[in-house]
Amino acid sequence: VTLTGYFDKDQPEMIGFINCNRATVAGKRISDVGASFNTRGSKLNFLNLKATAYGGVLSGRSFSLDTKTKDFYGEAFTLDRFDLQDFVRDTKAYSTKNLTRKASLEVRDLKGKSLVSSSITGKGKMMIRDGQVYEVPIFLKLFTLNPGELFKSRTSFDAGVIEFDIRQRKINVERMAFTSESVSVVGRGHVGFDGDLNLVL
């Protein structure tokens, strides 16, 4: 950490740069983390965040936290071309699932009060390219309703997009579309923070 402090009456201000080899954020591993930051009063602001995560590049325009009120705001974050299999192996509920290839995730206007999940809001998009996502639990449940050859491994979904917003402890799926060699699925609905699922496909 590099830190420079300025003192103006009762409002000290500090600016600097932070760099760390490894970190864990919300249970997810990131490495080669770097960001500039500044503080003024109770406000802590991080700018130009960069890191690597699951083989992809993580970048963030800005992230602010009020250490008194615990309010936070993240302007825009992207995780570009991360490895789906590495990610799911690090997620207990999905660690035995088979999801291959690359995905990209974008989240913007993420805000709320830290430790109060019902206050969190935001918008985002996830794109999957050249992947095989047959074992996503949503699709496994669907496939048990369909007989025959339709959902064999050769027709695993290989591309998809999910557009969503976050509010009231739900990820609200505004648009979802997955395609394979022989079938396409489109839909909308929501996924609750507690794992409940309500989708129209």
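The table that follows gives values for the structure above.
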quantity: Label-point separation in nm, residue 6 to residue 68, each point 7 Å along Cα→Cβ; calculated: 2.0 nm
quantity: Relative contact order, percent, segment 153-201 [alpha-carbon distance under 8 Å, six or more residues apart]; calculated: 30 percent
quantity: Cβ-placed point charges (K, R +1; D, E -1), dipole of segment 1-57 about Cα centre in debye, nearest 20; calculated: 260 debye
quantity: Highest to lowest packing among 121-127, 9-15, scored as the average C-beta count within 10 Å; calculated: 121-127, 9-15
quantity: Long pairs among 9/50; 68/125; 50/113; 28/113; 9/111, criterion Cα-Cα beyond 27 Å; calculated: 9/50; 68/125; 9/111
quantity: Rounded to whole Å, sorted largest first: equivalent-ellipsoid semi-axes of segment 1-41, Cα gyration tensor; calculated: 27, 11, 5
quantity: Against the rule of thumb 2.2 N^0.38 Å, how large the Cα Rg of segment 1-122 comes out; calculated: 1.21
quantity: Heavy atoms of residue 119: accessible area, 1.4 Å probe, square angstrom to 10; calculated: 40 Å²
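The values are calculated or read from the model by the stated rules, or taken from the named source; none is laboratory data. Because the structure is predicted, anything quoted here is derived from the model rather than measured. Here Cβ is always computed from backbone atoms with ideal geometry, including for glycine, and neighbour counts include all displayed protein chains. Just the protein is used for accessible areas: all its heavy atoms, side chains included, with ligands, DNA and RNA removed. Shrake-Rupley method; radii C 1.70, N 1.55, O 1.52, S 1.80 Å.
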